[in-house]
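Right, one structure below, let's go through it.
Just so it is clear, none of the values below were taken in a lab; they were calculated from the coordinates. Predicted, not measured: the structure shown is a model, and the values here were computed from it. For neighbour counting, all protein chains shown are included, and Cβ atoms are generated from backbone atoms with ideal geometry for every residue, glycine included.
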Amino acid sequence: QKEVEQDPGPLSVPEGAIVSLNCTYSNSAFQYFMWYRQYSRKGPELLMYTYSSGNKEDGRFTAQVDKSSKYISLFIRDSQPSDSATYLCATQPLYGGATNKLIFGTGTLLAVQP
Amino acid sequence: NAGVTQTPKFQVLKTGQSMTLQCAQDMNHNSMYWYRQDPGMGLRLIYYSASEGTTDKGEVPNGYNVSRLNKREFSLRLESAAPSQTSVYFCASSSRDLVGVAYEQYFGPGTRLTVT
């Protein structure tokens, strides 16, 4: 079993829809959760990060963590064609130490249709 | 401030050839990483360097070597390329966040390598 599981998609939605992207993880030591966005033929870029259970909002994006069920979600409100990208979840222990190694999901490909 | 830069952007090798992928960061980060990204496999860590002068194996180190030349530069070498090493290679560097106990990684644009 992979430490982080993510549905690869692709997920296709109409412009303006609410998008829900999800990951599950297996190791309860993971405390730090991130979402990266990767446009086609580009490197991943950090979108949001959170330490704790609950919600964190940034504009149209909301990251949600449920540690009791080991479930991570990213919601995109009023989705735009410019949101079309691959979204990768990532996690690590809170005290990652000098190594700072992240565990990535495989990514979900999102297409927002105009 | 260029962030993380990688050269070359594209490369085609024949089986058995060698090459070095270059990576540099100008953010004064201590930690640097090399990943490969393959369809359906996500990002897999090849090697990392927690600080200047140290390197360690990641998840998929076989067939690769690395050099942390200085704080800015971290290179990845393929000594004898194989078709299984056809992939997109990303370099990343890491800083400490404002709280001081967690880290974010910043990625370069990638190198697309094909081995025939």
query: Averaged across the residues of B:104-110, what count of C-beta atoms belonging to other chains lies within 10 Å of each residue's C-beta?
result: 6
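Counting other C-beta atoms within 10 Å, which of B:Ser94, A:Ser52 has the fewest, and how do the rest follow?
On the way: B:Ser94 25, A:Ser52 11.
Final ranking by Cβ density, sparse to dense: A:Ser52, B:Ser94.
Quickly rank B:68-79, B:1-12 as a protection proxy: mean count of other C-beta atoms within 10 Å, highest first.
Numbers: B:68-79: 17.0, B:1-12: 13.2.
Answer by packing, highest mean first, reads B:68-79, B:1-12.
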Karplus-derived HN-Hα couplings along segment B:47-53 (A = 6.51, B = -1.76, C = 1.60, θ = phi - 60°), whole Hz, x at Gly and Pro: 8, 9, 9, 5, 7, 4, x
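What is the mean number of Cβ atoms from other protein chains located within 10 Å of the Cβ atom of each residue in peptide A:80-91, rounded to a whole number?
On the way: counts 0, 0, 0, 0, 0, 0, 2, 0, 3, 1, 4, 0.
For this peptide, the per-residue mean of nearby foreign Cβ atoms is 1.
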- prompt: Under 5 Å between amide H atoms, partner at least 5 residues away or on a different chain: which partners does B:Gly58 have, H built in plane at 1.01 Å?
  reply: B:Tyr47, B:Tyr48
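Would you mind putting A:54-65, B:105-116 in packing order, based on average other-beta-carbon counts within 10 Å, highest first?
On the way: A:54-65: 14.9, B:105-116: 19.2.
Going by the mean number of other Cβ atoms within 10 Å, highest first, we get B:105-116, A:54-65.
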message: Using each residue's phi in segment B:16-23, evaluate 6.51 cos²θ - 1.76 cosθ + 1.60 at θ = phi - 60° and report the 3J(HN,Hα) Karplus result to the nearest Hz, with x for Gly and Pro.
response: x, 6, 10, 6, 10, 9, 9, 9
field: Dimensionless Rg/Rh of segment A:1-106 - Kirkwood Rh, Rg from C-alpha atoms
entry: 0.95
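Of all alpha-carbon pairs in the protein assembly as shown, indicate the percentage at a distance above 28 angstrom. Intermediate values should be presented prior to the final figure.
Numbers: 8093 of 26335 pairs.
Tail fraction, whole percent: 31.
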task: State log₁₀ I(q)/I(0) for chain B at q = 0.16, 0.17, 0.21 Å⁻¹ as given by the Debye formula over alpha-carbon point scatterers of equal weight, solvent excluded.
output: -0.69, -0.77, -1.15
